[in-house]
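Comments concern the structure below.
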């Protein structure tokens with residue numbers, strides 16, 4: 001899966017299936033995590049966030065899971081649609097109140 | 001509420017020139033951060049400004065500088081441009097520490 005500093009370049013899923021994008025973050029002291037979606041020619045858009053005192057958070061069609069034991073973050077997208085095709089980044093925040101981003105996973109939805 | 005606005009959208013410069021990029025944050029946001037994004041790379045943090053003061057700085061050479069005005073608008077300057085400076089420069093604002101970043105659409109800089 002994606003790692004802050006490494007990346008899983010592409011993921012292809014069939015329309016209607018669920019997608020899971022993974023991220024291995026680097027710092028056990030990170031206390032806040034965000035998933036962003038970036039479409040071609042646009043800036044990253046906020047999808048969902050989670051703080052380190054939680055292990056799961058749900059939004060509309062999206063769920064973020066946090067496993068602090070293994071420093072792993074995942075984004076689940078239910079019933080993936082063509083409009084979900086984009087690059088997805090995870091970001092972690094630790095010292096200095098600064099965010100660190102992974103290189104991203106490119107999700108392609110096959111109609 | 002208007003989002004983060006970056007101008008210009010595209011820029012073409014030649015090596016050795018300098019460039020200034022502009023960012024207007026979301027109304028009420030006092031923190032502005034700048035990131036560089038290149039193909040195959042993640043977002044690389046340049047610097048963050050809060051209330052006209054640089055609060056954090058990434059690992060970029062001194063050719064990259066910025067400033068923030070009293071209305072929270074920010075500018076980023078790159079002097080003596082190099083080919084490797086070609087990138088998408090993203091500005092993000094947030095309401096305060098510990099809050100999510102909201103990004104603009106970026107300025108695509110091409111150095112020839």
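Here's the picture: a label point sits 7 Å out from the Cα of residue B:97 along the beta-carbon direction, and within region B:37-59 the residues with their amide nitrogen under 15 Å of it are B:48-51, B:53-57. Counted residue by residue at 0.36 nm each, then reduced by the alpha carbon distance between them, the extension gain from residue A:61 to residue A:39 reaches 6.1 nm. Cα centroids of region B:16-50 and region B:53-105: 3 Å apart. Can you tell me which of B:63, B:30, B:94 moves the most in a GNM of chain B? Springs connect C-alpha atoms under 10 Å apart. Looking only at B:63, B:30, B:94, the biggest GNM fluctuation is shown by B:63. Computed from the Cβ-Cβ distance with R0 of 25 Å, the FRET efficiency linking residue A:81 to residue A:106 stands at 0.95. Test of understanding: extend the Cα→C-beta vector of residue B:82 to 7 Å, then name every residue of region B:25-61 with backbone N under 14 Å from that spot. Residues B:59-61 fall inside that zone. Put in order of Cβ neighbour count within 10 Å, fewest first, the listed residues A:99, B:69, B:64 become B:69, B:64, A:99.
Every number in this text was worked out from the coordinates using simple rules, so none of it is lab data. The shown structure was predicted, so the numbers you read here are calculated from the model rather than taken from an experiment. Counting neighbours? That spans all protein chains shown, and the Cβs are built from the backbone with ideal geometry, glycine included.
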